[in-house]
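Structure, as structure tokens:
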Amino acid sequence: MASALRRLFIGGNWKCNNTLAQTKELVEGTLNKIKFDQNKVEVVVAPIFLQVPYVQSILQKQIQIAVQNTSATGFGAYTGEIAPQHVKDLGLKWTVLGHSERRQYYADTDEVVANKTRNALDNGLDVILCIGESLQHREGGKTLDVVSSQLNAVRSKLSPQDYARIVVAYEPVWAIGTGKTASPEQAEEVHEYIRGYLKKEVSQDVANQVRIIYGGSVTEKNAVDLFKQQNIDGFLVGGAALKPGFTQIVDAAKSRQ
């Protein structure tokens, strides 16, 4: 399948940011003014949990809402957790899992991420699955080993059919929030490897259909150049998702249409 036939995907991860007033300004001042062709690109934003119902009430319906994490467990005595069932109950379909900050600060190991992914899929959510290497791994030539390990853990819990509900987000840890960005060629190299992994380990059809998006200091200044790469199907945007420039990042999708 040609890359042009995969619907592009642009996610905005707000992380642990924004008061209600700041969120209101972002939604009404920027997000509700964005125009895009839903047949060609999906746009999804991930506020903090507490603000999800508020964002639902004011955000234009063309933009979807994700949560930033869900648990490996369901309803029950799991204080502080948000189960996929809670998210589904709010009418949402997306969860972000495996983000490097969750892996680094909150003990989300490869196995934990795999279990969370399985639980999310089983309870009706689609998954933005984050993978990526640290600077130490990059400099040590271990990038592809790390990416394979992270993909292997999840693959052990999935059927080939499950991949239709997963977007893979490659986020080199060294380029998240640092201002450093993998060059388009560096990003494409890993994206191409991931697609080859899916072809070899799952199937050609899955490799063709899965959207592989890039995250790591994506801004309106580099989005078009990144979109020139065949295997980059969109972005998971961090800091720039909180700024007016997010509009230009969404607009950059037109360069692939």
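The values are calculated or read from the model by the stated rules, or taken from the named source; none is laboratory data. Every value quoted in this text rests on a predicted model; they were computed, and no experiment measured them. All Cβ positions, even for glycine, are placed from backbone atoms using ideal geometry, and neighbour counts span all protein chains on display.
Taking segment 145-186, which residues are not in a helix (DSSP H, G or I) and not small (Gly, Ala, Ser)?
Initially, segment 145-186 is screened for residues not in a helix (DSSP H, G or I), giving 156-159, 166-172, 176-183.
Listed by number, the residues that qualify are Lys157, Leu158, Ile166, Val167, Val168, Tyr170, Glu171, Pro172, Ile176, Thr178, Lys180, Thr181.
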Q: Check Lys200 against each of (1) surrounded by fewer than 17 Cβ atoms within 10 Å (Cβ to Cβ); (2) within 15 Å of Arg7 (Cα to Cα); (3) out of contact with any Leu (no Cβ under 9 Å at 6 or more places or on another chain); (4) not hydroxyl-bearing (Ser, Thr, Tyr) and name the one condition it does not meet.
A: (2)
(Q) List the residue pairs whose Cβ atoms are under 7 Å apart, where the first residue sits in segment 156-173 and is under 11 Å from Leu121 (Cα atoms) and among the aliphatic types (A, V, I, L, M), the second is modelled with pLDDT of 95 or more and in a loop (DSSP other than H, G, I, E, B), and the two are 6 or more positions apart or on different chains. (A) Ile166/Val210
(Q) Go through (1) under 18 Å from Gly234 (Cα atoms); (2) surrounded by fewer than 16 Cβ atoms within 10 Å (Cβ to Cβ) for Ala182 and report which single condition fails. (A) (2)
(Q) On the basis of being more than 19 Å from the chain's Cα centre (by Cα), of a type outside the set (A, V, I, L, M) and more than 23 Å from His99 (Cβ to Cβ), does Lys61 make the cut? (A) yes
Q: For segment 1-59, name all the residues that are of a type in the set (Val, Ile, Thr), touching a strand residue (DSSP E or B) at 6+ places or on another chain (Cβ under 8 Å) and either exposed (fewer than 13 other Cβ atoms within 10 Å of the Cβ) or outside any helix (DSSP H, G or I) (or both).
A: Ile10, Ile34, Val41, Val43, Val44, Val45
Q) Would you say Thr70 is outside any loop (DSSP other than H, G, I, E, B), crowded, with 21+ Cβ neighbours inside 10 Å and among the polar types (S, T, N, Q)? A) no
Q: Kindly indicate whether any position in segment 45-65 is in contact (Cβ under 8 Å) with a residue 60 or more places away in the chain and out of contact with any Ser or Thr (no Cβ under 9 Å at 6 or more places or on another chain).
A: yes
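Does segment 209-226 hold any residues that are touching a residue at least 40 places away in the same chain (Cβ under 8 Å), assigned to a helix (DSSP H, G or I) and within 18 Å of the chain's Cα centre (by Cα), and which are they?
Within segment 209-226, the first condition is being touching a residue at least 40 places away in the same chain (Cβ under 8 Å), and the residues that meet it are 209-217, 222, 225-226.
Next, only the ones that are assigned to a helix (DSSP H, G or I) stay: 209, 225-226.
Within segment 209-226, Gln209, Leu226 meet the criteria.
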Q: Taking Trp94 as meeting all but one of (1) in contact with a helix residue (DSSP H, G or I) (Cβ under 6 Å, 6 or more places away or on another chain); (2) buried (at least 21 other Cβ atoms within 10 Å of the Cβ); (3) in contact (Cβ under 8 Å) with a residue 40 or more places away in the chain, write down the number of the exception.
A: (1)
